[in-house]
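The values are calculated or read from the model by the stated rules, or taken from the named source; none is laboratory data. Not measured: the values here are computed from a predicted model. Glycine gets a Cβ as well: all are built from the backbone with ideal geometry, and neighbour counts include every protein chain shown. Keep in mind that these areas ignore ligands, DNA and RNA; they rest on the heavy atoms of the full protein, side chains included. Shrake-Rupley method; radii C 1.70, N 1.55, O 1.52, S 1.80 Å.
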Amino acid sequence: MLPDKAPDEDVFCGSADLKRDAHVASFEKYKELYMKSIETPDEFWGDIAKDFFWKTKHSGQFLDYNFDVTKGEIFVKCMEGATTNICYNLLDRNVHDRKLGDRVAFFWEGNDPGDDLTVTYRELLQRVCQFANVLKSQGVKKGDRVSIYMPMVLELVVAMLACVRIGAVHSIVFAGFSAESLCERILDSECSLLVTADGFYRGDKLINLKLLADEALQKCRDKGLLINRCIVLKHLSKEPEEILGSQSPPTKRSCPDLQVPWNPDVDLCWHALLRGASDECEPEWCESEDPLFILYTSGSTGKPKGVLHTVSGYMLYTATTFKLVFDHQPDDVYWCTADIGWITGHSYITYGPLANGATSVLFEGLPTFPNESRMWEIVDKYRVTKLYTAPTAIRLLMKFGSEPVKKYKRESLKILGTVGEPINPEAWQWYYNVVGDKRCPIVDTFWQTETGGHVLTPLPAATPLKPGSATFPFFGVVPAILNESGEELEGPSEGYLVFKQPWPGVMRTVYGNHPRFETIYFKKFPGYYVTGDGCRRDKDGYYWITGRIDDMLNVSGHLLSTAEVESALVEHKAVAEAAVVGRPHPVKGESLYCFVSLTNGVTFTCTLEAELKKQVREKIGAIATPDYIQNAPGLPKTRSGKIMRRVLRKIACDEHDLGDISTLADSSVVQQLFQNRCSTAV
């Protein structure tokens, strides 16, 4: 399963200080702990659980499960019988038991330089309790779903922790998603209340979030779901008397163009509700397998699926992966550049760091605004020690060369991390050599919304590094590589990446649709959790993620469903049929290349192309905007009518070696598609 000894250290593994002080300081120690986590998981995770507060202890085995659909319903249960509250463990435990009340929980850095604030653990606890009382006053109770659609502000963390304090289930929707996407997620999770903000700046672009929220709520009403309460944070339009002391400074930029619609029958002002709300709120004690949150991720059928995580297992797993993968130390300042609207922000901005009493940077802006040195300016400003970002951001910053990086010292950095997609070796080397000055190990983490936390990852000081490899499994995780027949492959091999048993943080179901959960993740290979990713294992036992096997695209580290984009395109009256594939992009990883067959009598024009891009933006969000749209009078199909997407991928990349196309019903369409190709020069 693991190599007998560590491979030769061709690439940096850890400084002397890191080796001495690390939680897992050698490959031998990693292997010892890994085998313990597999052979005696109750003992391994039970020792970790002792660091947390439990209102009642668990009874029976630590982890119970069935991964085989042929043997009955799929399930995972962790610490049955135990009760706790995750907010209590993140805040009260740190303030009262660990005496960390005065420690900074977050340095908030706004979109504009100079717009910043600091909040301690004690202050965060008080604000969370206040908003928890506000939610209770609005009738929110244990088990209710609350939709949160907010920018990267401290109040987003407050809102999500207030939900879990009272046992409500949060469903956070990325603020870059469209009104249609927000509506779809509210409807699916049957939310009773929406929390949003007036607007925010993304670089120089002003986003009127309230306008989008109102549009989404109207769409919900049109479809039969009445949401009659919407709490609105005045982030850009707040008045001086609405400022919460020194902890919520006025925005540095005036917003004369921001028109905030207000419906007094539905809308409630965040600031007004907080006035008079008590800063004490007894936590709701929850069962281990009670729902914690729902987070939607793209599905290959086009309909997003609500990934459901539960309380105890997720808490233990995110806390442990954060502590060991980033080798967290008490004096660290940690910065994850992700948005909380994605799973990375849930696990490694909010839950994992706070469970460890960490100090984090919470960033609202862009890495290139107002200039391409912004990230390194922030690193020096807060003396960041651990930096976790996406290969997309690294490739973007690489384009500007090393000068913007070297304007700043970055001497505080100790560990660099990557997340969201496999990192190409060139970007890895630039990150290591330029950003880290050849002294900071890189933890290139592989995981998914569904896994809850890291499943394949290096451990700093313990694992020799190979640029682009996710290296070895985390504790409790047992990977395997299968061929098309479902047979496990040994030694160096390539195939489907699967996992043979659960870990505490794995998802429990697709909200409201357990049969879909079983079909997507367990039906193809009974007895295994199927990731949907291809993987290669080399002669040293290192794992290399080769990309999605299903019809999904990884754009800027975010999964998009080809079916979802196709569905948005064909809703336009001019489009009869659409097919979407990915092509490599030097910054985003993959770009969207769309083929559209038009209805009779319609001519493909620049105006139509712009309309189609606008339609996709409005239906899904800006992140799904097609890079290329090609007129396709015909699509390559088999005689049974199936579109041959591998042929379309070749056309998108202008690769003429198509392999066997004997099953095509009409091979003449291929030449026509090559002739009509979009110019893809970057």
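Filter the stretch 420-444 down to the residues that are among the β-branched types (Val, Ile, Thr) and open to solvent by 10 Å² or more (accessible area, probe 1.4 Å) and list them by number.
Keep residues of the stretch 420-444 that are among the β-branched types (Val, Ile, Thr), which gives 423, 434-435, 442-443.
Passing the criteria: only VAL434.
Could you list, in sequence order, the residues of the stretch 57-100 that are surrounded by 16 or more Cβ atoms within 10 Å (Cβ to Cβ), part of a loop (DSSP other than H, G, I, E, B) and not aromatic (Phe, Trp, Tyr)?
Within the stretch 57-100, HIS58, ILE74, MET79, GLU80, ALA82, ASN85, LEU100 meet the criteria.
Just one of (1) at pLDDT below 95; (2) crowded, with 17+ Cβ neighbours inside 10 Å; (3) farther than 22 Å from SER556 by Cα trips up ARG410, so point out which.
(1)
Which of (1) of a type in the set (Phe, Trp, Tyr); (2) in a helix (DSSP H, G or I); (3) within 20 Å of ILE378 (Cβ to Cβ) does TYR351 not meet, given it meets every other one?
(3)
Taking the options ASP666, ASP654, name whichever one is touching a helix residue (DSSP H, G or I) at 6+ places or on another chain (Cβ under 8 Å), over 18 Å from LEU560 (Cβ atoms) and either aliphatic (A, V, I, L, M) or surrounded by fewer than 18 Cβ atoms within 10 Å (Cβ to Cβ) (or both). Talk me through it step by step, then tell me what you get.
Numbers: ASP666 fails: touching a helix residue (DSSP H, G or I) at 6+ places or on another chain (Cβ under 8 Å).
Just a single option satisfies the conditions, and that option is ASP654.
One residue is enough: does the stretch 1-23 have a residue meeting the conditions touching a helix residue (DSSP H, G or I) at 6+ places or on another chain (Cβ under 8 Å), more than 30 Å from GLY527 (Cβ to Cβ), assigned to a loop (DSSP other than H, G, I, E, B) and modelled with pLDDT of 95 or more?
The answer is no; no qualifying residue exists.
Could you check the stretch 523-571 for strands (runs of 3 or more DSSP E) lying wholly inside it with 2 or more residues that are touching a strand residue (DSSP E or B) at 6+ places or on another chain (Cβ under 6 Å), closer than 20 Å to VAL419 by Cβ and at pLDDT 85 or above? If you could, list the steps in order and put the result at the bottom.
On the way: elements: 529-537, 543-548, 552-555, 558-561.
Answer list for the stretch 523-571: 529-537, 543-548.
Can you tell me which of (1) surrounded by fewer than 18 Cβ atoms within 10 Å (Cβ to Cβ); (2) touching a helix residue (DSSP H, G or I) at 6+ places or on another chain (Cβ under 9 Å); (3) within 23 Å of GLU184 (Cβ to Cβ) is the one ARG677 doesn't meet?
Status for ARG677: all satisfied but (3).
For ILE148, are the conditions met, namely being touching a residue at least 24 places away in the same chain (Cβ under 8 Å) and touching an Asp or Glu at 6+ places or on another chain (Cβ under 7 Å)?
Values: touching a residue at least 24 places away in the same chain (Cβ under 8 Å): yes; touching an Asp or Glu at 6+ places or on another chain (Cβ under 7 Å): no.
Judged against the criteria, ILE148 is not a match.
Of everything in the stretch 37-50, what is in contact (Cβ under 8 Å) with a residue 12 or more places away in the chain and either open to solvent by less than 60 Å² (accessible area, probe 1.4 Å) or over 17 Å from VAL477 (Cα atoms) (or both)? Give them in sequence order.
At the first step, the residues of the stretch 37-50 found to be in contact (Cβ under 8 Å) with a residue 12 or more places away in the chain are 37-38, 41-42, 44-46, 48-49.
Listed by number, the residues that qualify are SER37, ILE38, PRO41, PHE44, TRP45, GLY46, ILE48, ALA49.
All but one of (1) open to solvent by 10 Å² or more (accessible area, probe 1.4 Å); (2) under 21 Å from HIS23 (Cβ atoms); (3) not in a helix (DSSP H, G or I) hold for TYR334; which doesn't?
In the conditions (1) open to solvent by 10 Å² or more (accessible area, probe 1.4 Å); (2) under 21 Å from HIS23 (Cβ atoms); (3) not in a helix (DSSP H, G or I), TYR334 misses (1) alone.
Assuming LEU187 fulfils every condition listed in (1) of a type outside the set (S, T, N, Q); (2) more than 17 Å from ILE227 (Cβ to Cβ); (3) in a helix (DSSP H, G or I); (4) open to solvent by 10 Å² or more (accessible area, probe 1.4 Å) apart from one, which condition is it?
(2)
Among all residue pairs at least 6 apart or on different chains, which show Cβ distances below 8 Å where the first residue, located in the stretch 499-511, is within 9 Å of HIS309 (Cα to Cα) and the second is among the β-branched types (Val, Ile, Thr) and surrounded by 24 or more Cβ atoms within 10 Å (Cβ to Cβ)?
Taking only residues 6 or more apart or on different chains, the pairs are GLY505/THR318; GLY505/THR321; GLY505/THR451; VAL506/THR451; MET507/THR451; ARG508/THR310.
Looking at the stretch 339-354 only, could you name the residues that are surrounded by 23 or more Cβ atoms within 10 Å (Cβ to Cβ) and touching a helix residue (DSSP H, G or I) at 6+ places or on another chain (Cβ under 7 Å)?
Once the filter is applied, which keeps residues that are surrounded by 23 or more Cβ atoms within 10 Å (Cβ to Cβ) and touching a helix residue (DSSP H, G or I) at 6+ places or on another chain (Cβ under 7 Å), the stretch 339-354 yields ILE340, SER347, TYR348, THR350, TYR351, GLY352, PRO353, LEU354.
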